[in-house]
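The values are calculated or read from the model by the stated rules, or taken from the named source; none is laboratory data. This is a predicted model, so every value here is computed, not measured. Glycine also receives a Cβ, built like all others from the backbone with ideal geometry; neighbour counts cover every protein chain displayed.
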Amino acid sequence: MTKTLWQSPAIALLTAAAVICCTAAYAQDPKKPAKPEPTEQAVLLGQFGGWGAYTATPGGKKVCFALAKPASAVIEPAGRKRDPSYAFVSTRPAEKVKNEVSMIVGYPQKAGVDATATIGSASYAMYTQNDGAWVKNAAEEAQMVETMRKSADLVVKSVSTHGTKTTDTYSLKGLGQALDKVAEECK
């Protein structure tokens, strides 16, 4: 049996830090990102296709999330470097947040320029801050997650502060099972 990237303890720590920093911190105060504690670690609940289901307890508050890396990425102009990118669907029961969709795109994004998330024929605007992106219209989030559950791919387009255009394509295979595991863990 081949061990996936998501089963690595280093990736689990990275994802916990990313989720803690980029979902909970911005939800609380977008101007003041929190720094994760070194002891905060994500625990893999299960791997489902390209999606891992995780739980962590930053600041004593339980967070559960599904996480994936892009199956493919196109960067224009070619050769530009960036940090890893991820798609998240997070649940934070203490804050009454369920299935919050967010992205880490791997570079600071151009101020005032929304990212876009496309699933089949549906498109969603995502507001950006630093290297994160969130669904601009929170009322569309539940519909977006349901569309993601039924679709094959999620395509996220963004622009860096230096004008680099990125198109990340995420496979949605396994997302439904990962979200079911997250819901089971974070009731």
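Filtering the range 47-69 to residues that are surrounded by fewer than 18 Cβ atoms within 10 Å (Cβ to Cβ) and not in a loop (DSSP other than H, G, I, E, B) leaves Gly59, Gly60. Applying the condition of being exposed (fewer than 14 other Cβ atoms within 10 Å of the Cβ) and of a type in the set (A, V, I, L, M) to the range 89-112 and asking which residue is modelled with the lowest pLDDT yields Ala111.
Within the range 167-174, can one find any residue that is more than 24 Å from Ala53 (Cα to Cα), modelled with pLDDT of 95 or more and among the charged types (D, E, K, R)? There is no residue in the range 167-174 that is more than 24 Å from Ala53 (Cα to Cα), modelled with pLDDT of 95 or more and among the charged types (D, E, K, R). How about the range 127-136: which of its residues are outside any loop (DSSP other than H, G, I, E, B) and over 12 Å from the mean Cα position of the chain (by Cα)? Within the range 127-136, Tyr127, Thr128, Gln129 meet the criteria. Among the residues of the range 79-136, those that are of a type in the set (Asp, Glu) and closer than 20 Å to Ser160 by Cβ comprise Asp83, Asp114, Asp131.
Quick check on the range 49-63. Is at least one of its residues more than 15 Å from the chain's Cα centre (by Cα), more than 16 Å from Asp168 (Cβ to Cβ), at pLDDT 95 or above and not acidic (Asp, Glu)? Within the range 49-63, one or more residues are more than 15 Å from the chain's Cα centre (by Cα), more than 16 Å from Asp168 (Cβ to Cβ), at pLDDT 95 or above and not acidic (Asp, Glu).
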